[in-house]
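Let me begin by presenting the structure, written as structure tokens, before commenting on it.
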Amino acid sequence: MDTKKINSLFQTKLQVLNIGLVMFHRSIKDSGGESINMDWNPPAGGDRNLMEILRKLKGEK
Amino acid sequence: MKKYIINENRYFDSVELMRISSHLRKHSGVSDAQLIMGSETNKQFLIDMGLDESNFKNATPMDLIIYLDLNEGQDEGEIIKLFEEYISSQQETGDSVYQPKSVSGAKKIYPGLNFTLISVPGQYAAWEAREALAGDMSVMIFSDNVTIEEELELKTTAQEKGLLIMGPDCGTAIINGIPLGFANKVNRGKIGLISASGTGLQAVTSEIHNSGEGISQAIGIGGRDLSEKISGISMKTAIHALWNDPETEVIVLISKPPAEKVTKEILEILSGSPKPVVVYFIHTQIDSPNPNIYFAKNLSHTAQIAVALARGERDKKTLEKYTGKKLSVNDIKYSGKYIRGLYTGGTLAEEALNELQDLGFKIYSNVHHDEKYQMKNPLQSIENTIIDLGDDFFTRGNPHPMISPESRIERLEQELKDPDCGIILMDIVLGNGSNEDMAGALLPTLEHVPDSKQVCIYVLGTDLDFQDKNLQISKLRGKNIHIFESHIEMIEFAGVLLTGGNK
């Protein structure tokens, strides 16, 4: 099993993209980690049908 | 005076809204407050509460519904102002850098990003995880309510790309020394862990730290990873990653009982392990002649074996033999007949339930596997009862009891008044995300433990946690209170009390 990418992550400074609870972004920074907080809103305005259509357009399964 | 306010196109996370709702309910002018996004499930929740649907029927999942029941003379504007102040403090990131609006946008602006932590509502988590995998990042999904089909799809994609998916419903991880989600702050060291149980991982990492050793990586994989359908994709990937990690010398695996087929597959992989592995599959009897695999009996035992292995001990027989401490219960008296466990950590509740049953007690619980002992009404204890207060029954519409102490304080007061209750077991789980002062919150109630009862408290955490384990323990000293830093020691102590004729 190829785990090169994961092992390379273990040897690099963690740079987190935080999507969701802002308290996790603050905790990472308070622990000396790097985090960028995403200004998140539900995709497709939270419309499940529209999300499905967008997925199909992107060619996802 | 009931008030309904709809804020159109204003999205907030449910965890934040529950915290604010509970904050507003403490105001003397507020009889009730519910702040909730307008999804179909949430609207049904409000209808079930007896609220008039016509006031929020047209709200969409992007609209915030504010329901307030105000006492006579209370100004609505004052409460709304309080809400706005609180939400802006919750949303404060503590920095002024640009916040991207999409994963692909984030990668363009910050190309160094190498990991994604997702805690959005479950129905959107897979969408964001796909984007993160497309951006070649490993992912931790804290969110629950992700379907098992989505989990399989994400983990298969991650495996093909050589990436790691931790979760869904992964509450805890420590990657490169950084605690993620509800994790404890621990020293770095030689022991690498992979766990399908959040509180289990917290308990073992904390005990390893408290014993003077440290953690290389603590990888959460989500509670369903070792199910037949997912077949341990993330655990298998993580085992190989820790084999190849030069910092990791000892590996620990923790899970609730896995599917039989998956247990066999994992053991087959481990038979080729170049590093010693400690396995704790809760309440699962496994035997293996492999000299490099060690089986633990409980969470503390798991930590003890890992620490001994990190220090060079290799004798399998000595390490696998578990003997509890000799605990003195002389002069401890109580009169109630039964034991009551009020837990916030699911794995700890399960360990208490299993261990007490093994000691021969009949235990009722809201999370019992045997229907015969499942509580019909979790609000009322029956004889010996272990309650998981983090179960959906208690958390629907309320913050998790590790964050907000109210539900447990209420239950503790109820048990302290019950003449049948003799011993109370509790956990205090410290670390990021947990309440800033759980000991302080419980203290006013714990100051009045009557002589008819004994209260045992397991404090999970470290001196490096922002709550400081030692400070929390020092607050809890009191009459008829016993503090433990090992969960199994607390159970064994309670077992001796229950059987030891101390009444």
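Of all residues in the stretch A:45-58, none are facing chain B (nearest Cβ under 7 Å) and at pLDDT 90 or above. Can you name the residue in the stretch B:76-86 that is in contact (Cβ under 8 Å) with a residue 24 or more places away in the chain and either under 26 Å from B:Thr172 (Cα atoms) or not acidic (Asp, Glu) (or both) and is also nearest to the other protein chains (Cβ to nearest Cβ) among such residues? Ranking the candidates gives B:Tyr86 first.
Taken together, B:Gly105, B:Gly112, B:Gly38, B:Gly77 contain a single residue that is surrounded by fewer than 16 Cβ atoms within 10 Å (Cβ to Cβ), at pLDDT below 95 and of a type in the set (Gly, Ala, Ser), which is B:Gly77. When restricted to residues that are in a helix (DSSP H, G or I) and crowded, with 17+ Cβ neighbours inside 10 Å, the stretch B:241-264 contains 5. With a requirement of 3 or more residues that are under 24 Å from B:Leu379 (Cα atoms) and hydrophobic (A, V, I, L, M, F, W, C), the strands (runs of 3 or more DSSP E) lying completely within the stretch B:400-503 that satisfy it span B:421-429, B:454-460. Do you know which of the residues in the stretch B:1-27 that are in a loop (DSSP other than H, G, I, E, B) and over 24 Å from the mean Cα position of the chain (by Cα) is nearest to B:Ser143 (Cα to Cα)? So, considering only residues that are in a loop (DSSP other than H, G, I, E, B) and over 24 Å from the mean Cα position of the chain (by Cα), the one nearest to B:Ser143 (Cα to Cα) is B:Tyr11. Annotation note: Cβ proximity below 7 Å between a residue of the stretch B:410-421 that is free of Cβ contacts under 8 Å to residues at least 40 places away in the same chain and a residue that is surrounded by 12 or more Cβ atoms within 10 Å (Cβ to Cβ) and assigned to a helix (DSSP H, G or I) (sequence gap 6+ or interchain) occurs for B:Glu413/B:Thr445.
Across the stretch A:15-39, the number of residues qualifying as outside any helix (DSSP H, G or I), in contact with a helix residue (DSSP H, G or I) (Cβ under 8 Å, 6 or more places away or on another chain) and at the interface with another protein chain (Cβ under 7 Å from one of its Cβ atoms) comes to 8.
Looking only at residues of the stretch B:361-374 that are without any contact (Cβ under 8 Å) to a residue 40 or more places away in the chain and either under 19 Å from B:Gly422 (Cβ atoms) or β-branched (Val, Ile, Thr) (or both), we find that the one that is surrounded by the fewest Cβ atoms within 10 Å (Cβ to Cβ) is B:Lys362.
Only one of the numbered conditions (1) under 25 Å from the mean Cα position of the chain (by Cα); (2) more than 13 Å from chain A (Cβ to nearest Cβ); (3) not aromatic (Phe, Trp, Tyr) is not met by B:Val30, and that is (1).
Looking at B:Gly212, B:Gly272, B:Gly223, just one residue is outside any strand (DSSP E or B) and within 14 Å of chain A (Cβ to nearest Cβ), and that residue is B:Gly272. Screening B:Ile387, B:Ile409 for residues that are at pLDDT 90 or above and buried (at least 24 other Cβ atoms within 10 Å of the Cβ) leaves exactly one candidate, B:Ile387. For B:Thr41, indicate whether it is farther than 24 Å from B:Arg396 by Cα, among the β-branched types (Val, Ile, Thr) and within 25 Å of the chain's Cα centre (by Cα). In short, no. Filtering the stretch B:244-269 to residues that are touching a residue at least 12 places away in the same chain (Cβ under 8 Å) and more than 14 Å from B:Leu193 (Cα to Cα) leaves B:Lys256, B:Pro257, B:Pro258, B:Ala259, B:Lys261, B:Val262, B:Thr263, B:Glu265, B:Ile266, B:Leu267, B:Ile269.
Considering only residues that are among the small types (Gly, Ala, Ser), within 11 Å of chain A (Cβ to nearest Cβ) and part of a strand (DSSP E or B), which ones fall in the stretch B:176-195? If the condition is that a residue be among the small types (Gly, Ala, Ser), within 11 Å of chain A (Cβ to nearest Cβ) and part of a strand (DSSP E or B), then B:Gly181, B:Gly192 are the ones that fit.
Of the helices (runs of 4 or more DSSP H) entirely within the stretch B:285-396, none holds at least 2 residues that are on the phi > 0 side of the Ramachandran plot. Take the residues in the stretch B:143-167 that are modelled with pLDDT of 95 or more and closer than 18 Å to B:Pro179 by Cα; name whichever of them is nearest to the other protein chains (Cβ to nearest Cβ). Among those residues, the one meeting the criterion is B:Leu164.
The values are calculated or read from the model by the stated rules, or taken from the named source; none is laboratory data. Model, not experiment: these values are computed from the prediction. Please note: Cβ atoms are built from the backbone with ideal geometry, for glycine as well, and neighbour counts cover all protein chains shown.
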